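See structure below.
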Amino acid sequence: MIKCIHTGDLHLGSQFRNASFDGVYAKQRRLEIWETFERIVDRAIENNTDFLFITGDLYEEKYFTIGDIKRVRDKLEEAKNTNIIITTGNHDPLGENSLYRKIDWSKNVHIFGSKAVDFIEFEELDTVIWGYSWDKKEEKKDILSEIAIEKEEKINILLIHGDLLNKDSVYLPMDKEVLESKCFDYVALGHIHKPQFITDKICYCGSPEPLDFGEIGIHGIIEGTIEKENVTMSLFPLSKRSFIIKEINISETMTYNEILDKIRKCDNFPMRNKNLYRIVLKGIRDRDIDFNLEDLVEVLSSEFYYLELVDKTIPDYDLERLEIENKNNIIGLFIEEMRKKDLNDEINKEALYIGLETLLKEKVMK
């Protein structure tokens, strides 16, 4: 039995250029990802972990420096009793000028090459580790056909950065059935940022720190033990922060302060003070309220670590005035028809206001 930690997709050095948050938060997140990387290594040391698997995209090639890669090396060297196995991905490819090639690594670090699938045997642990590294930004090579396990009595583990979810991907697409047919005791995957077990033996570790609002949910590392015919690997939450998206429904009877209070109540203060929130406001609002999102965020800034507001509300309408002004056109007829329904029902009322919003926009465009 071997003890393992499976991680990847840290994207150390990321500049978050496409993120919705600004430079101050980007800088802090960049530092926090470094801290999380160091915590992962520390956990491997503290738990006497046999293997630490890093399945690609450890860093962002475009922004990483020789000083950064030396910092990675020095931290990994601290885990002297842990075998650290690295495969590269599309963001940190093992090309001729790769930073991985610029420095000497300690004996406990093993980086797979990019010419073909290869393996390393650890006789004292009765384990064979297989892997393959990228050397370019896109890869469609059929690497699974190269694999044939010879020592089936040993624990065989495969490390790959690739796409098992999209057969048309340019990011090393793989077929699940073919992969299963290779009979690995565990397959450590990288590339997809959402942690997920494809089967009980095939797993995407996900990114230990979520990078944007497209990566909601729990993030961390996959850890546990592996032996022949028995895998007990599971997700261990480790991220410092989470990205959280919530919808809040408001009504036309709510005041400005009541709207603020409802946003506050989306979560408790310790959670709001730690995580990054995107609140989507829906429903019908009083048309006379000054609904400036920047002002709302500013008022709530001391109560959230980070807050984004998205306005999907519809202003309420003066139905009497609109019906009189549009008595002989489609808008007036629409209001007349909708009045036949129960407008105390929230669904009917929202349907009325959505319809009016569309019709009034068309009227303006004409």
Packing-based exposure ordering (other Cβ within 10 Å, fewest first) of I244, I222, I54, I143: I143, I244, I222, I54
Hey, what did the chain get for relative contact order, percent, Cα under 8 Å, at least 6 apart? 12 percent
Report relative contact order for the range 102-221 in percent, whole number only (criteria: Cα-Cα under 8 Å, sequence separation at least 6). 16 percent
Euclidean distance of C-alpha centroids, the range 282-296 and the range 307-354, integer Å: 17 Å
Taking Cα atoms only, Rg over Rh for the range 1-46 with Rh from the Kirkwood formula is 1.12
Contact order normalised by length for the range 14-160, with contacts defined as Cα pairs under 8 Å and 6 or more residues apart; what percent is it? 21 percent
Please report, largest first and rounded to whole Å, the three semi-axes of the ellipsoid equivalent to the chain, where each semi-axis is the square root of five times an eigenvalue of the C-alpha gyration tensor. 52, 23, 19
Reachable aspartates and glutamates from K154, criterion Cα separation under 13 angstrom, eight or more residues apart if same chain: E121, E123, E124, D126, D185, E227, E229
Report the calculated FRET efficiency for D212 and V297 (r = Cβ-Cβ distance, R0 = 25 Å), to the nearest 0.05. 0.90
In terms of modelled amide H atoms, which long-range or inter-chain residues lie less than 5 Å from the amide H of V109? I84
Restricting everything to alpha-carbon atoms, can you work out Rg to Rh for the range 1-151 with a Kirkwood hydrodynamic radius? 0.98
Between the modelled labels at S234 and E123 (7 Å from Cα along Cα→Cβ) the distance in nm is 3.6 nm
Label points 7 Å out from Cα along the Cβ direction at E146 and T65: separation in nm? 3.5 nm
GNM of the chain, Cα pairs under 10 angstrom: of E308, E350, E323, the biggest fluctuation goes to E323
Hey, what's the per residue convex hull volume over the C-alpha atoms of the range 235-366, in cubic angstrom? 147 Å³
Could you pull out every one of the aspartates and glutamates with an alpha carbon less than 14 Å from that of K136, ignoring same-chain neighbours closer than 8 positions? D57, E60, E61, D92, E96
Among all the lysines, which ones have a C-alpha under 24 Å from K274's C-alpha, if same-chain residues fewer than 8 places away are not counted? K27, K194, K240, K246, K262, K265
Grab the Cα-Cα distance for E227 and S20, subtract it from 0.36 nm times how many residues apart they are, and report the gain in nm with one decimal. 70.2 nm
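Taken together, the values in this text are just the output of simple stated rules run on the coordinates, not laboratory data. Values in this document were obtained by computation on a predicted structure and should not be read as measured data. Please note: Cβ atoms are built from the backbone with ideal geometry, for glycine as well, and neighbour counts cover all protein chains shown.
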